[in-house]
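In what follows, a structure is listed as structure tokens, so that the remarks can point back to it.
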Amino acid sequence: MRPMTRLITGLGLHSAALIAFQLSLMQLISIVQWHHFAYMIISIAMLGFGASGTLLALSRERLLSASGWLVPLLMTASGFFMIFAFRITRLELFQFDVYLLFVERAQFPVLAANYLIYFIPFFTGALAIGILFIKHAGQIGTYYFSNLLGSGIGGLIVLFLFGNIYPQQVPPLIGLLSVTAGILSSGRRHILPNISLGAVSVLVAIYLIAQPGRIETSQYKGISQAMNLPGAEVIYSKPDIHGLIEVVSSPALRFAPALSLSFTGEVPVKKNIFVNGDFFGVVPEYKTGQKAHILDYTTQVFPWEIGKPGKVLMIDAGEGATLAQAMSRRPKHVDAIIDNGGVVEMMQTVFAEHSGGLYLHDSLDIHVVEARNFLASASDKEYDMIVLPQQESFGGSAGINALQENYSMTLESFSLMWDLLGPEGIITVSTWTDYPPRTSLKILATLTETARNKGIGSPVQHLAAVKSWGNITFMLKKQPFSLEAVEKIRHLCEELYFDPLLLPGVTLEERQRYHMSDDAEFFSIVDRIVEGDKKVIEDYSFMISPATDNKPYFSQFLRLGNIRELSGIYTTDQIPFLELGYLIVVVTLIQGTILAFIFIILPLLRLRKSHRGKGGTLLYFGALGIGYMFVEIILIQRFVLYFGHPVYALSAVISTMLIASGAGSLCSGRLPAIARFPAGIGLIITLMLLFYTFFLTPVLQSTISSPLTVKVMLSLLLIGVPSFFKGFMFPLGIRYLSSYDASQTPWAWGINGSLSVISTSLAMLIAVETGFMTVMTVAVVCYGIASTVFAFRKNFFRI
Amino acid sequence: MGTFNKTGAAVFILLFFISGFNQLTADEYERERNRMVRTQISSRGISDRATLDAMRNVPRHLYVPDVQRRYAYQDRPLPIGYGQTISQPFIVAFMTEIIEPGPDSKILEIGAGSGYQAAVLAEIVDQVYTIEIIRPLGEQARQKLNAQYDNVYVKIADGYHGWEEHAPFDAIVVTAAAEYIPPPLVEQLREGGKMIIPVGSPFQMQQLMLVEKGEDGRISTRSLMPVRFVPFERAN
């Protein structure tokens, strides 16, 4: 193999390892802590890319002259660190807990140590790539192609590994890819150090893969709490692309959410299912002919009691007890949507006998798909009841789901559900009560607006809700509630010590017969929402307006503008525990911005040399950094709905984008490095994205029911074409820059890297506050800026 | 000068992070305790003399992990390991006052945790029965409580079943909230008795639920306003 071919192949392998390492770390940190904390760590680690640019700018000549031995060694070293970085952070000395960050100062140096440990493989890895890009700026198209193609393949590799080996075994395996890349790239003269380090890496990797151990999760995660119980043991564990599935058994694990205080029987012991350490549901023990279910002593019994549903649709029905309750009512047919195929497979095989063959029942069809995808393609069906899963968690979830896109709970979703209801159909959703009330009010606002949008003038006749000491169950009926149904609800409330919250003709006394609250305003707010008083929703201290597809964050309640007010009420130290998830993104953004400035921009500014036209470089490469990531985020969001499988959508979008961009960068080498090409191609991308802003959603909606092959072809076209053109932009820019001032190329690499670091959390923040349309608009503007910089290059580059 | 600044900063940072290990004297702890009662408890409306005295008497710092001692009298819950917390002082006082403990009362506590709540109750009532499901926590609590009190009985077991041999209880304090209230506990509550349960995620105990068993055996519940802070007022 020729040296250049070896170098390009090594670059591809190394790039695959870097992206796979990033994704595997996100998965691992999601298991140990929470998923958005993973973004926080990754944003720090990705600073390695930016910081490598800085070092290149500061020591360009020295690094380039040593590139022959340095690049392979950096690749090997990066792989070496990837192999054991995660395992080091699990040593007691380096274990931190996100909950404790707010109450234990000692957690901060531990967190900093974690950042450093994750930073090193990214920094060394990115430095190798940066040196190659700058050293071979003339053939940047080929090198960038290898980098992007490798990254795209890396995404697919990690997806395959997630489904087949334990997550903690993934980094050691993919670290070996970089080690191989290092050895492959080194010439005969420099092979010895790489071989030596490689041999050590292989030994360490073999040991870590052979001895994976169990991942110790945060003591505050559901699985840790369960494992503290006497006799607790993990009786099933399987890696899956949706996350690590574990089943815990203990004689002290019981399931009876907000059980009626009139219940005097024995609460059954249940095995609990955890996905990535979070409670997912229980393993039900279904018996054919079973008359009463434990959930029949909760508010979730009401929708089943006021009618005899024949056809039932259960959305996100992973929680086994709810499914068992439904089947115990012997409906004619149940369609259950469960997006976690791993859990379904487990229930249909390993626990099939234990669960009485529930998941294999003749009258049950399980659809392993995203709920919205099913709703959009089920227009020929009709249901008597649509059951949504219980929202929130006991005692409130402290906002950990705030940034979880939930397309089942948007207005558009409820509209589709309404259309699938038969004449006497009913939609039901339950929630844990939280304080201050947020979830219940948002559900009510969503149901009320759905009814109004469907032409119901007086939603109060169509709505009922029952509350217990810990739960509220809402019911929205297509027809007004009959007198008979109302009386049945009243009677059952009396029997189970529950109170009607919403019922035609309900009185204040009835509403608090068994469960009282000091919160006197709650009932009046409930009534005003049902009456359609928008002001009460707008004025509320938390965000309780319905979620939409444009802002699908049902569990996001925090209004940034109200933080000061909430601090006054709860004291500042409590705010993180009210809405932790969203605040972590805000903190990530601020932290990323500051660190990017300190470690990337500031050192570059300190360079004594004067760079002409730094504004152009900053604008062009900054705009590309933000624009590329924003488009990626939007496309993932849109294609999750389209394909119905978040993980597949994620990998399809990322891989298609990277591979198409790689092809674009390869082709860019055929174009001369003159300004009109980036200007023209930038304009093409801007126009394409502008078209997508308005027409992507309608195109996807109109083809959602098409055969899979049509959808795949269309997706490749929709994702691939703009990505192909985007692939031209970075290498053309680098080549242009190096042709008139090569010393600015590290700048470009650093700026592009630093803005990529902050763009993920920035996009999230924009999406939560103003919706995905704005994120897309910003992406359009970014590519518009990139095009303009070259269209008017004299103003920006001072040539 | 530059070197001195760097060294000074490093020392300062080190001191900042290890300052949690500093220990106070017994007198200083007592002063802290009195200040805690004055500023965090009585100022927020707790007026029951027995409760206030108990809060003054029980050395809270002995019931927290060593690394947390410095913060023992601060206005917040603290981690005690195993995903559990020792409640904020005000919560402990509030839960104690609301069950109206008397010198003859027999109280059941579910979730001994650090043992602090049981110690506070033991200062006031005749008998405290406390159950802890996590063995290491239960053993620590037993050791500490047995050293100080002869009216506290610690059992390491699943709190679901309560403590039937000593039932009925005048009040039940459930410090480790569960998603359901075990029927045996309701059963073991004397008619006219009260059960208090905090609801919330770790470090965020904002709501308490009071369960009352009427003389006719009927059960009612009440969500008490966020007791840690002033009542929640909405923007409008």
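The values are calculated or read from the model by the stated rules, or taken from the named source; none is laboratory data. Given the structure is predicted, the values throughout are model-derived calculations rather than measurements. Backbone-built Cβ (ideal geometry, glycine too); neighbour counts: all protein chains shown. Keep in mind that these areas ignore ligands, DNA and RNA; they rest on the heavy atoms of the full protein, side chains included. Shrake-Rupley method; radii C 1.70, N 1.55, O 1.52, S 1.80 Å.
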**OP:** Could you tell me whether any residue of the stretch A:577-594 is among the acidic types (Asp, Glu) and either at pLDDT 90 or above or surrounded by fewer than 23 Cβ atoms within 10 Å (Cβ to Cβ) (or both)?
**Re:** no
Subject >> Matching residues, the stretch A:704-717, being open to solvent by less than 40 Å² (accessible area, probe 1.4 Å) and at pLDDT below 90 >> reply: A:Ile704, A:Ser706, A:Lys711
Subject >> Enumeration of residues in the stretch B:43-60 that are at pLDDT 95 or above and either within 13 Å of chain A (Cβ to nearest Cβ) or buried (at least 21 other Cβ atoms within 10 Å of the Cβ) (or both) >> reply: B:Thr51, B:Ala54, B:Met55, B:Val58, B:Arg60
Original post:
How many of the residues making up the stretch B:127-141 are under 17 Å from B:Ser105 (Cα atoms) and modelled with pLDDT under 95?
Top reply: 0
Original post:
Which one of A:Gly720, A:Gly771, A:Gly750, A:Gly727 is buried (at least 24 other Cβ atoms within 10 Å of the Cβ), at pLDDT 85 or above, out of contact with any strand residue (DSSP E or B) (no Cβ under 7 Å at 6 or more places or on another chain) and assigned by TED's automatic domain parsing to the domain that holds A:Gly622?
Top reply: A:Gly727
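Give the residue, chosen from A:Leu558, A:Leu501, that is at pLDDT 90 or above and either touching an Asp or Glu at 6+ places or on another chain (Cβ under 7 Å) or of a type in the set (A, V, I, L, M) (or both). If you could, list the steps in order and put the result at the bottom.
Working: A:Leu558 fails: at pLDDT 90 or above.
Only one candidate passes the filter, namely A:Leu501.
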Subject >> helices (runs of 4 or more DSSP H) contained entirely in the stretch A:1-108, each with at least 1 residues that are closer than 30 Å to B:Ala72 by Cα and either open to solvent by less than 40 Å² (accessible area, probe 1.4 Å) or not basic (Lys, Arg) (or both) >> reply: A:3-32, A:35-45, A:67-89
Subject >> Tally of residues being open to solvent by 20 Å² or more (accessible area, probe 1.4 Å), within 14 Å of chain B (Cβ to nearest Cβ) and touching a residue at least 12 places away in the same chain (Cβ under 8 Å) across the stretch A:109-138 >> reply: 2
Original post:
Which condition number in (1) of a type outside the set (Lys, Arg); (2) at pLDDT below 90; (3) under 30 Å from A:Ser761 (Cα atoms) is the one that A:Ser408 fails?
Top reply: (2)
Original post:
Has the stretch A:190-198 got at least one residue that is within 14 Å of chain B (Cβ to nearest Cβ) and open to solvent by 30 Å² or more (accessible area, probe 1.4 Å)?
Top reply: no
Original post:
What tally of residues in the stretch B:65-95 results from selecting those that are touching a Ser or Thr at 6+ places or on another chain (Cβ under 8 Å), surrounded by 21 or more Cβ atoms within 10 Å (Cβ to Cβ) and within 20 Å of B:Glu30 (Cβ to Cβ)?
Top reply: 3
Original post:
So which residues in the stretch B:57-93 are under 25 Å from B:His166 (Cα atoms) and in contact (Cβ under 8 Å) with a residue 40 or more places away in the chain?
Top reply: B:Ala93
**OP:** Select from the stretch A:90-108 the residues that are away from chain B (no Cβ under 12 Å) and not polar (S, T, N, Q) and list them in ascending order.
**Re:** A:Arg90, A:Leu91, A:Glu92, A:Leu93, A:Phe94, A:Phe96
Original post:
If a residue has to be more than 14 Å from every other protein chain (Cβ to nearest Cβ) and surrounded by fewer than 17 Cβ atoms within 10 Å (Cβ to Cβ) to count, how many in the stretch A:496-526 make the cut?
Top reply: 3
**OP:** Any chance you could count how many residues in the stretch A:218-251 are among the charged types (D, E, K, R) and either out of contact with any helix residue (DSSP H, G or I) (no Cβ under 9 Å at 6 or more places or on another chain) or open to solvent by less than 40 Å² (accessible area, probe 1.4 Å) (or both)?
**Re:** 3
**OP:** Give the residue that is farthest from the other protein chains (Cβ to nearest Cβ), with candidates limited to residues of the stretch A:466-495 that are free of Cβ contacts under 8 Å to residues at least 60 places away in the same chain and within 17 Å of A:Thr298 (Cβ to Cβ).
**Re:** A:Phe474
Original post:
Can you pull out the residues in the stretch B:165-190 that are among the charged types (D, E, K, R) and more than 14 Å from every other protein chain (Cβ to nearest Cβ)?
Top reply: B:Glu165, B:Asp170, B:Arg190
**OP:** Name the helices (runs of 4 or more DSSP H) wholly inside the stretch A:364-464 in which the number of residues that are assigned by TED's automatic domain parsing to the domain that holds A:Val640 and free of Cβ contacts under 8 Å to residues at least 40 places away in the same chain is 2 or more.
**Re:** none
**OP:** Scan the strands (runs of 3 or more DSSP E) fully inside the stretch B:83-139 and keep the ones with 3 or more residues being away from chain A (no Cβ under 12 Å) and within 12 Å of B:Val152 (Cβ to Cβ).
**Re:** B:106-110, B:127-132
**OP:** Give the residues of the stretch B:166-177 that are open to solvent by 10 Å² or more (accessible area, probe 1.4 Å) and at pLDDT 95 or above, sorted by residue number.
**Re:** B:His166, B:Pro168, B:Asp170
Subject >> Residue check for B:Ser223: in a strand (DSSP E or B), at pLDDT below 90 and surrounded by 16 or more Cβ atoms within 10 Å (Cβ to Cβ) >> reply: yes
Original post:
Tally time: how many residues in the stretch B:162-189 are under 19 Å from the mean Cα position of the chain (by Cα), closer than 21 Å to B:Ile124 by Cα and not in a strand (DSSP E or B)?
Top reply: 1
**OP:** Scan the stretch A:252-290 residue by residue and report those that are more than 9 Å from every other protein chain (Cβ to nearest Cβ), open to solvent by less than 30 Å² (accessible area, probe 1.4 Å) and either in contact with a Pro (Cβ under 7 Å, 6 or more places away or on another chain) or among the aromatic types (Phe, Trp, Tyr) (or both).
**Re:** A:Phe274, A:Tyr286
Original post:
Does the stretch A:657-679 hold any residues that are assigned to a helix (DSSP H, G or I) and open to solvent by 30 Å² or more (accessible area, probe 1.4 Å), and which are they?
Top reply: A:Ile659, A:Ala663, A:Leu666, A:Cys667, A:Arg676, A:Phe677
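Per-residue answers, yes or no, for (1) hydroxyl-bearing (Ser, Thr, Tyr); (2) touching a Ser or Thr at 6+ places or on another chain (Cβ under 7 Å); (3) outside the structural domain of A:Tyr740 (by TED's automatic domain parsing); (4) under 26 Å from A:Ala57 (Cα atoms):
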| residue | (1), (2), (3), (4) |
| --- | --- |
| A:Leu127 | no, yes, yes, yes |
| A:Tyr143 | yes, no, yes, yes |
| A:Pro171 | no, yes, yes, no |
| A:Leu177 | no, no, yes, no |
| A:Ser201 | yes, no, yes, no |
